[in-house]
Amino acid sequence: RSSTVLMGGSRSQPEAAGRRVQVGGHLGERARGGIQVAGEIDISNSFELPEGVQEYARWAAIPLHVVVSRINRVSHNEYADTLLRWIGHEKLADSSYEAGFTAVKAWAESVGIRVEGLDLNDGSGLSHDNRISAQSLVDLHTHMLTNEHAYVWRTSLSAAGRNGTYTNRMRDEDTEGR
């Protein structure tokens with residue numbers, strides 16, 4: 001018999017957020033300082049609970065504004081991949097990149113972002129098959145700066161020469177902080 005423990009991540013291992021750890025056998029009694037586990041451990045990237053598996057624990061998700069800041073400012077690729085799959089899971093009950101892309105594209109169209117040529121094969125942007133036009137990026141940025149989430153969006157972006165992926169770039173006085 002299998003069991004599942006949902007991993008919520010931690011400061012020392014934030015990349016574990018949202019992953020399920022499937023444990024064959026049973027969970028032993030709670031040991032001092034943690035839970036003893038009997039059996040083999042199998043890690044699954046799916047958000048769907050496998051058939052016949054009982055969920056024993058669930059940790060609270062990291063707030064979305066924190067996740068977006070990690071994705072946009074420091075380019076945390078695993079957070080971005082997980083977020084796209086989570087969107088697919090929440091909107092279409094399918095935790096695949098394809099479902100996430102379908103949901104994101106539908107949202108983008110609904111708010112007036114042009115999606116011609118848009119193709120996302122992962123959430124991180126690392127796939128060579130990802131495509132987005134400059135116009136779509138301008139539309140997205142304009143939309144985000146003019147809605148109720150503008151502050152979160154703006155503060156999630158790197159400031160040239162100051163933080164994130166732009167810490168050591170564009171450090172001249174006419175570009176720093178922009």
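Here's how it looks for Tyr56: its modeled amide H is under 5 Å from those of Thr4, Leu6, which are all 5 or more places away or on a different chain.
For Asp119, neighbours were defined as the other residues whose beta-carbon sits under 15 Å from its Cβ, and their charges (Lys and Arg +1, Asp and Glu -1) total -2. Taking Lys and Arg as +1 and Asp and Glu as -1, the other residues whose beta-carbon sits under 9 Å from that of Thr102 total 0.
Pair-distance distribution P(r) for the range 32-178, from all Cα-Cα distances in 10 Å bins starting at 0: 10, 30, 34, 17, 8, 2, 0 percent. Taking a ≥ b ≥ c as the square roots of the eigenvalues of the Cα gyration tensor, the range 112-172 is classed as oblate, since a/c reaches at least 1.5 and a/b does not exceed b/c. In this simple spin-label model, placing a label point 7 Å from the Cα along the Cα-to-Cβ direction at both Asn130 and Ala93 gives a separation of 2.9 nm.
Listed values for the range 61-66 are Karplus-derived 3J(HN,Hα) couplings in whole Hz (6.51 cos²θ - 1.76 cosθ + 1.60, θ = phi - 60°), namely 6, 5, x, 4, 5, 6, and x replaces Gly and Pro. Between Asn77 and Glu173, the simple label model (points 7 Å from Cα in the Cβ direction) yields a spacing of 3.8 nm.
Taking amide H as placed 1.01 Å from N in the peptide plane, Asp94 has its amide H under 5 Å from the amide H of His89, each at least 5 places away in sequence or on another chain.
I want the local charge near Gln135. Using Cβ-Cβ distances under 12 Å, sum +1 for each Lys or Arg and -1 for each Asp or Glu among the other residues.
Charge balance near Gln135 sits at -1.
A short reminder: the numbers here are calculations on the coordinates, not readings from a lab. Because the structure is a prediction, the values reported are computed rather than measured. Neighbour counts are summed over all protein chains in view; Cβ atoms, including those assigned to glycine, are modelled from backbone coordinates with ideal geometry.
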